[in-house]
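Undergrad: My questions will all concern the structure given below.
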Amino acid sequence: MVSPAVLELLRKAARGRDLDEFLISLVAERLDPADRAEAYVKLYEKYLKEAESLYAKGDLPQAGEKYWGAATALLNAIAEKKGLPHYSHRDYAEVVEVLYEETGDKELVVGFSLAERLHANFYHNFMRRESFELHREAVLKLVEKLRRML
């Protein structure tokens, strides 16, 4: 528990970012890689739960952003375990490339690309429900694969 005043300061410092994600980034350097990876897995679980709830309510742009967050949280966890950077969109793409080279699994590349489209849809709201559902299914497969890789 934090006081309302401290919570308000944290929200202000986060500048619109998810507060849990912001706090993890603040304490990450003080944790060992295994603890950081575990924190990212918990963040993945939170984002996936929120994504499914928003999807059920029909809020597709918000749901898509949470699916993107779930995928990137798992990429962060994998990158921690592999000692790879994971601080930018480009870093996420590089982690996916490394995973593809290691596994030969094309669905990782395709799933990540479709997750990126859900992320873009958050900003531009261009997807119809039928298209969104195709993307969602692919991203759910992606996160399942990434989760098993941990």
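Undergrad: Through the Karplus equation 6.51 cos²θ - 1.76 cosθ + 1.60, θ set to phi - 60°, convert the phi angles of the stretch 39-48 into ³J(HN,Hα) values in whole Hz; use x for Gly and Pro.
TA: For the stretch 39-48, the Karplus curve yields 4, 5, 5, 5, 5, 4, 4, 5, 5, 5 Hz.
Undergrad: Could you tell me the relative contact order of the stretch 41-150? Use alpha-carbon pairs under 8 Å, at least six residues apart, and round to a whole percent.
TA: Computed value for the stretch 41-150: 30 percent relative contact order.
Undergrad: Still on this model: Determine the equivalent ellipsoid of the chain by diagonalising the alpha-carbon gyration tensor, then write out the semi-axes as square roots of 5 times the eigenvalues, largest first, rounded to whole Å.
TA: 24, 22, 12
Undergrad: Related question: Counting each DSSP H run of 4 or more residues in the chain as -39500 (n - 2.57), what helix-only mean residue ellipticity at 222 nm follows after dividing by all residues, to the nearest 500 deg cm²/dmol?
TA: -27500 deg cm²/dmol
Undergrad: Give me the number: length gained by fully extending ALA13 to VAL109, i.e. 0.36 nm times residue separation minus the C-alpha to C-alpha distance, one decimal in nm.
TA: Extending this stretch completely gives an extra 31.2 nm.
Undergrad: So, one more: Alpha carbon centre of the stretch 1-22 versus the stretch 117-150: separation in Å?
TA: First find each Cα centre; the distance between them is then 27 Å.
Undergrad: Work out the count of Lys pairs in the chain where the Cα-Cα distance is under 18 Å, with the pair 8 or more places apart or on different chains.
TA: Total qualifying Lys-Lys pairs in the chain comes to 18.
Undergrad: Here is a follow-up. Once you have the Cα-Cα distance between ASP91 and GLU29, take 0.36 nm times their residue separation minus that, and quote the gain in nm to one decimal.
TA: Residue separation times 0.36 nm, minus the Cα-Cα distance, leaves 20.5 nm.
Undergrad: Trypsin sites (Lys or Arg not before Pro) within the stretch 87-129: which are DSSP loop residues with at most 16 other Cβ atoms inside 10 Å?
TA: ARG128
Undergrad: Another question, then. Tell me, what ³J(HN,Hα) does each residue in the stretch 14-29 have, in order and in whole Hz, if you take phi through Karplus 6.51 cos²θ - 1.76 cosθ + 1.60 with θ = phi - 60° and put x for Gly and Pro?
TA: 5, 6, x, 5, 4, 4, 4, 4, 4, 5, 4, 5, 6, 9, 4, 5
Only the coordinates and a few stated rules stand behind these numbers; no lab work does. Predicted, not measured: the structure shown is a model, and the values here were computed from it. Note: ideal-geometry Cβ built from the backbone for every residue, glycine included; neighbour counts use all protein chains shown.
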